[in-house]
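I have placed the structure first, in the form of structure tokens, so that the comments after it can refer back to it.
Nothing in this text is a laboratory measurement; each read-out follows from the coordinates by a stated rule. Please read these numbers as outputs of a predicted model, since none were measured by experiment. Note that each Cβ is placed from the backbone with ideal geometry, even for glycine, and that neighbours are counted across all protein chains shown.
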Amino acid sequence: MSEVNQMQASKQGDVASEEMLLNMGPQHPSTHGVFRVVIKTDGEIVTDAESHIGYLHRCFEKICENVNYTMATPYTDRLDYLMAMGNNLGYAMSVERLMDVEIPERASYIRVIVTELSRIASHLLAIGTYGMDIGAITPFLYCFRDREKVLTILETICGQRLNYNYVRIGGVAYDMDDAMLKMCGEFCKYFMPRVMEYNDLLTYNGIFIQRTANVGILTAEQAIDFGCTGPVLRGSGIKRDLRKDAPYSLYDRFDFEVPVGAGEAGTVGDCFDRYMVRMREMIESVKIVEQALSQIEAGPFKTDKIKAKPKPSKGDAYTAVENARGELGFYLISDGSDTAFRLKCRSPAFSNVSVLHEMCRGAMVADVVAIIGSLDIVMGEIDR
Amino acid sequence: MPNQFTFVRDILDLGGDSFWGFVAAIAVWAAPITGFVSLIGLVAVWLERKISAHIQCRLGPMEVGPHGLLQTLADGIKLLGKEDLVPDKADRVLFALAPMIVFAATYVSFAVLPFSQDGVIVDLNIGIFFIAAVGSLEAIGVVMAGWSSNNKWSLFGAIRAATQVVSYEVPLGLTLLAGVVCAGTMSLNEMTMAQEGWIWSWFIFRNPFMWAVFLIYFTASLAECQRAPFDLPEAESELVSGFHTEYSGMRFAVFFLAEYGKMYVVSALGVVMFFGGWYSGIPMLDNIGGLPGNLIGAGIMVTKSMILVCVQMWIRWTLPRIRLDQVMDICLKYLLPLALGLLMLVALWQGILPGEKRFGIVMIVAMIFAFLKMRTMVRNVMSKSSQQIELPVFKV
């Protein structure tokens, strides 16, 4: 504390307290990976917070400029490892736009199904770990029980549980047979009542509402200024979802809602709103999967116009997809060879985490954990 | 009733006032308490794991012994074999002393806890006062642990613990006073004996306000034990591990043992104050007397206490953690005034109808009715919520 502050404090008859620098992370149970926040605290109250990233940097963009287009797909898995399908999809769509090819309808349907299932798995993890950050350990295991079911389905489809490498340039890696489609349908039926179970366990819990309502308020202006997307932006009451606003793949064929935060428990844009948006999005995802399952028809699952080593002509392309954490964009520049000249990844979690210090000011130490949890960051994507 | 335990009292008197006699008496009594505390620790940790597992659709420990019964023992042996680590910049003396103080605070309370009619080590005439006084020593140990670790997270945990324990001592003390008002004595033995007879002579039924006092006592005792939802001092998602972040091996085990010991102490105190101590509530069973009677009494007492310990665990695995300011709010805004008001009401009832036991019957009927009503209400809500898929928009 500066001398001026100390003088002021002594004038008011307060005990002059010293600021304490608290180093939260890079190894800390609730920073969700190797994330470091340096918190300035006055007792339990946070006066300032500064986030440090880069502990998981792996030169993703540079690697992709050194391997050919097909070989870069597995690297995208490792960005947002909780929703690898979405990363695959974004990258594949970007290359496809660069090459200007259409992909078969069945492939698109399969992409939608696996991406939405993936979104459910990702949101389940976000909600479960969020409960754990607040101190409720039990909902976490219930969420993981159901996430396990999604992962089993995805494993059946593509043989992997996290880093799928399933959505490939020009289609998908393998076809889904009827048994797999049936599994997805059964999961949808199983999952809908489970959402109510999470609500009974966590959402309607008085302590949970007390801990999240009116905590970490992110106004709509702030959210836009910092480039937040996904549930963080929608939690602040702004209805923006790329699946609706700029429909890619086949999303214009499905009927679903875009949930936004309405300040149900407190103020618009608080932690509870962001949590609730995720909860509702899972239901919308189930709706999309059910519609896709009823619409999907037989056909080829990949286009034969793309060879193993695609060589797009000179040019550039940008595509963005709505990932579980927000708008994931891939910008590709091609110089005509089989390797990208430049790949730029716009990662949603990076923009979302940049707003952290704004939300932490004036909060309590326990709130910082709640705020970080409500942003739902994945360090693999922030550091790339 | 013949005192079956006179031989031990003889040993106590054997030395008379001599120093060695005193030491011998301590040794004789310390051994069974140590054994009992360790046993409680073992069983409680196993119970906690099993209860948490079944709440969370898991199995819990299954490998070591039948249903993992010996898992805790295996873990204890592992902790014993661990290196004794002291952080470089730590205050070594305080660091070593802290777990001992925390454990001693719990351990000493067992000296006055009654297990059966004659199964009490010291029938202190200020038993309740003694437990309250000794129990708050724990805060000192926790603060010492947090300070000496030279770790900011530990310090945070320690300060939180001190704030919380000191504040909750006030409502806890008031609820203890309500028990004292009912019994007219501070001795735990006499307090239990005042509840002899049928089940409705227990204080929680006999006095129409004691159930509310019990709820306050239970809440405050959760905070005293630093159990969830009041586990802020060791909030693992916020403060890594709180005040015992830097502790490992046996020192950590001692903290752990102290926590479970303390849980047992507050539960046993609750049983003595509200649930008739070692009495089963059926006079025929309680009047057996002698060694068998004492053994049955001890069994009933320990069972009742362990049920309360299990409720503490149940709450821990159900509720999220409260924030520090909310913890203080609950204490100062709600529990304290409520406890004060209830103390007056309890005293008033006791003044008007002293020794009136039959009112307990009315209370038991009312409680059963309330329980059934609540159960149907919860069932209705649950069956409605499982049918509806859409999330209802709700207002708080």
Next on the checklist: Less than 23 Å apart at the alpha-carbon level, and either on another chain or at least 8 residues along: which lysines does that give for A:LYS314?
Outcome noted: A:LYS62, A:LYS305, A:LYS344
Checklist outcome for this item: Highest GNM mean-square fluctuation among B:LEU348, B:LEU94, B:LEU257, for chain B with Cα springs under 10 Å, belongs to B:LEU348
Next on the checklist: Considering only C-alpha atoms, what is the centroid distance from the range A:118-135 to the range B:143-202, in Å?
Outcome noted: 36 Å
Checklist entry - Mind checking the alpha-carbon convex hull of the range B:214-346 and giving the volume per residue in Å³? => result 129 Å³
Checklist entry - Could you give the dipole magnitude of chain B about its Cα centre, charging the beta-carbon of Lys and Arg +1 and that of Asp and Glu -1, in debye to the nearest 20? => result 1340 debye
Checklist entry - Amide H to amide H under 5 Å from B:TRP317: which residues, 5+ apart in sequence or cross-chain, H placed 1.01 Å off N in plane? => result none
Next on the checklist: Can you sort A:HIS32, A:HIS57 from fewest to most other Cβ atoms within 10 Å of each residue's own Cβ?
Outcome noted: A:HIS57, A:HIS32
Checklist entry - Between the range A:313-347 and the range A:79-99, what's the alpha-carbon centroid distance in Å? => result 9 Å
Item to check | Within chain A, longest stretch clear of exposed GluC sites (Glu not before Pro) (DSSP loop, no more than 13 other Cβ within 10 Å) | outcome: A:103-256
Next on the checklist: Taking the number of other C-beta atoms within 10 Å as the exposure measure, put B:TRP317, B:TRP20 in order starting with the fewest.
Outcome noted: B:TRP20, B:TRP317
Next on the checklist: For the range A:36-165, what are Rg and Dmax over the alpha carbons, in angstrom?
Outcome noted: 18.7, 60
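Can you sort A:CYS158, B:CYS331 from fewest to most other Cβ atoms within 10 Å of each residue's own Cβ?
Ordered from fewest to most neighbouring Cβ atoms within 10 Å, A:CYS158, B:CYS331 come out as A:CYS158, B:CYS331.
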Checklist outcome for this item: With bins of 20 Å, the percent of all Cα-Cα pairs of chain A per bin from 0 is 28, 55, 15, 2
Checklist outcome for this item: extent check for the protein assembly as shown: Cα max minus min per principal axis, descending, whole Å, gives 102, 61, 53
Next on the checklist: Using only the Cα atoms of the range A:189-282, what semi-axes does the equivalent ellipsoid have when each is the square root of 5 times a gyration tensor eigenvalue? Give whole Å, largest first.
Outcome noted: 23, 21, 7
Checklist entry - All other residues with a Cβ under 11 Å from the Cβ of B:ARG323 taken together, and with Lys, Arg as +1 and Asp, Glu as -1, what is their net charge? => result -2
Checklist entry - Toward the positive end of the charge dipole of the range A:289-384, about the Cα centre and with charges on Cβ (Lys, Arg +1; Asp, Glu -1), which of A:ASN352, A:SER334, A:VAL321 goes farthest? => result A:SER334
Next on the checklist: To test your reading of the geometry: what angle, between 0 and 90 degrees and rounded to tens, separates the Cα axis of helix A:178-198 from the longest principal axis of chain A?
Outcome noted: 20 degrees
Checklist entry - Summing +1 for each Lys or Arg and -1 for each Asp or Glu, what net charge is found among the other residues whose Cβ lies under 14 Å from the Cβ of A:TYR190? => result +1
Checklist entry - aspartates and glutamates within cross-link reach of B:LYS50: Cα-Cα under 18 Å, excluding same-chain residues under 8 positions apart? => result B:GLU63, B:ASP75, B:GLU259
Checklist entry - Which entries in the list B:LYS262/B:LYS357; A:LYS40/B:LYS152; A:LYS182/A:LYS244; A:LYS244/A:LYS307 go over 22 Å, if you measure between the two C-alpha atoms of each? => result B:LYS262/B:LYS357; A:LYS182/A:LYS244; A:LYS244/A:LYS307
Checklist entry - If all Cα-Cα distances of the range B:68-360 are sorted into 10 Å bins from 0 onward, what percent lands in each bin, rounded to whole numbers? => result 7, 27, 33, 22, 10, 2, 0
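Can you give the net charge of the other residues whose Cβ lies under 10 Å from the Cβ of B:GLU224, counting K and R as +1 and D and E as -1?
Net charge in that neighbourhood comes out at 0.
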Item to check | Alpha-carbon centroid distance for the pair the range A:214-292 / the range B:281-312, whole angstrom | outcome: 57 Å
